[in-house]
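Chemist: First, the structure itself, so that you have it in front of you.
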Amino acid sequence: MKRGRVNISSKCQGFAPSENQGRLKRHKSGNPSFVQGDSTLPQKPVEDWGNLPHHVVLHIFQYLSLVDRARASSVCRRWNDVFHIPDLWRRFEFELNQPATSYLRSTHPDLIQQIIKKHAQHLQYVSFKVDSCTESAEAACNILSQLVNCTIKTLGLISTARPSFMDVSQSHFVSALTVVFVNSKSLSSIKIDDTPVDDPSLKVLVANNSDTLKLLKMSSCPHVSPAGILCVADQCHGLRELALNYHLLSDELLLALSSEKHVHLEHLRIDVVSENPGQTQFHTIKKSSWDALIRHSPKVNIVMYFFLYEEEFEPFFREETPVTHLYFGRAVSKDMLGRIGLNCPRLVELVVCANGLEPLDEELIRIAERCKSLTAIGLGECEVTCSGFMEFVKMCGGRLNQLSIMEEVLIPDNRYNMEQIHSEVSKHLGRIWFPDMMPTW
């Protein structure tokens, strides 16, 4: 028997079986089938991709890169119509990289200009992802300067590697950012970490977007002063999430965020960073200021990332501090961990990258006793005896949703070996648990 031929009706038409493949027969159930010789095969439905509903094609297009969108739009007229639907251009990420220094695919300049020309008025959720080259950051600023007809709601400037935006002329950056601040009028979320944004540009932001701003993330912005961020807190009463460096945190800022006219803050992230040991002086926040914030926003998450040297921890956690999440990226002393156990009763998550060679048994047990909300802990280059670790786990019990401990951290003693630790910890957690293993490459 000769194999039947297949006709292609259009680019968007699926493959349809020809008449020579078999005689169409309908069963009593009404379902069509093909009969070819003695075998009965169900008929494959004809797939017409060109007639997919607009909302389905639109959803697919949103997951495609700009280049792939452009290619898909040439498949048929219907897909080309979807390519020009405004909803497709409300969210976009510009990738700006130098081929000589980055492996990431960059958005072609011609396509960028096409977007600005045809779809700028539709852009609402915009981010720029740049590599470490100054040329990439300058290209991002040039695009920002052209977004004069936009009503952007979300703006993100993302550096995949430092320094990027910090190497751009401050006047060039601020001028480009001001264009967006002035013309958008409805910004609700801004992420501008590691940029030369300054106090005057923040005042422009507040003057034009104070009623809509809900999230401001601006860690590592050296040209912003405490007065600049205080201006934002005073005027943007809808602010729910704030991320900043510790040097911008002040008693005045916490009190401003606690005023009656301000909404309840949901998330406060504070980066405590020191690049040169001994050269940075850290101030102390009053307990009364923290208390005012908690009274006003009792459910606020206060997240602190520490990248300090051991001798620089002196000002922290001398009094009760309502921090909920603590991450230590460098070595932290036993004394510091002991103060955390005494003065951080709201602690939910603790991650310690490294510690000295002294066991942390007492400090962990104190944390288990005092931090009743603790549900997650991670220990890297530390030391804990197996007996001390077991006591910590018994005290915390099943509330520990995440327990990440490197196997090298645990020191076997006369009560527990590693095999016993596995079974005993699993029993108290109510689930199978193993210590983490250092991968060997």
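Chemist: Between Ser171 and Asp110, what FRET efficiency comes out of the Förster formula 1/(1 + (r/R0)^6) with R0 = 35 Å and r the beta carbon distance, rounded to 0.05?
Modeler: 0.80
Chemist: So, in nm, how far is label Glu369 from label Glu310 when the simple model puts each one 7 Å beyond its Cα toward the Cβ?
Modeler: 2.4 nm
Chemist: Using only the Cα atoms of the range 347-441, build the gyration tensor, take square roots of its eigenvalues as a ≥ b ≥ c, and label the shape rounded, prolate or oblate: rounded if a/c is under 1.5, else prolate if a/b is larger than b/c, else oblate.
Modeler: Note, shape of the range 347-441 comes out rounded.
Chemist: Also, quick follow-up: With the crude spin-label approximation of a point 7 Å out along Cα→Cβ, what separation in nm comes out for Ile294 versus Ser186?
Modeler: So the two model labels end up 3.9 nm from each other.
Chemist: Moving to a separate point now. Does the range 104-249 classify as rounded, prolate or oblate by the C-alpha gyration tensor (a ≥ b ≥ c root eigenvalues; a/c under 1.5 gives rounded; else a/b over b/c gives prolate, otherwise oblate)?
Modeler: Verdict is oblate for the range 104-249.
Chemist: Something else about it: For the range 91-429, just say rounded, prolate or oblate: build the C-alpha gyration tensor, square-root its eigenvalues into a ≥ b ≥ c, call rounded for a/c under 1.5, and beyond that prolate if a/b exceeds b/c, oblate if not.
Modeler: Note, shape of the range 91-429 comes out prolate.
Chemist: Moving on. Among Phe389, Ile158, His122, whose Cα projects farthest towards the positive end of the dipole of the range 91-429, with charges put on the beta-carbon of Lys, Arg (+1) and Asp, Glu (-1)?
Modeler: Going by the Cα projections, it comes out as His122.
Chemist: Moving on. Determine the gain in length on full extension of the stretch Lys286-Asn149; use 0.36 nm per residue of separation and subtract their C-alpha separation, reporting nm with one decimal.
Modeler: Length gained, Lys286 through Asn149: 44.8 nm.
Chemist: Going by average Cβ neighbours within 10 Å, how do the peptides 372-380, 135-143 rank, with the highest at the top?
Modeler: Ranked by mean Cβ neighbours within 10 Å, highest first: 135-143, 372-380.
Chemist: Quick one: length gained pulling Lys334 to Lys261 fully straight, 0.36 nm per residue minus the C-alpha distance?
Modeler: Computed gain between Lys334 and Lys261 is 22.1 nm.
Read-outs throughout are calculated quantities, based only on the coordinates presented, and are distinct from any laboratory measurement. Just so it is clear, the model here is predicted, and its values are computed rather than measured. No Cβ is skipped: glycine too gets one built from the backbone with ideal geometry, and neighbour counts run over all protein chains shown.
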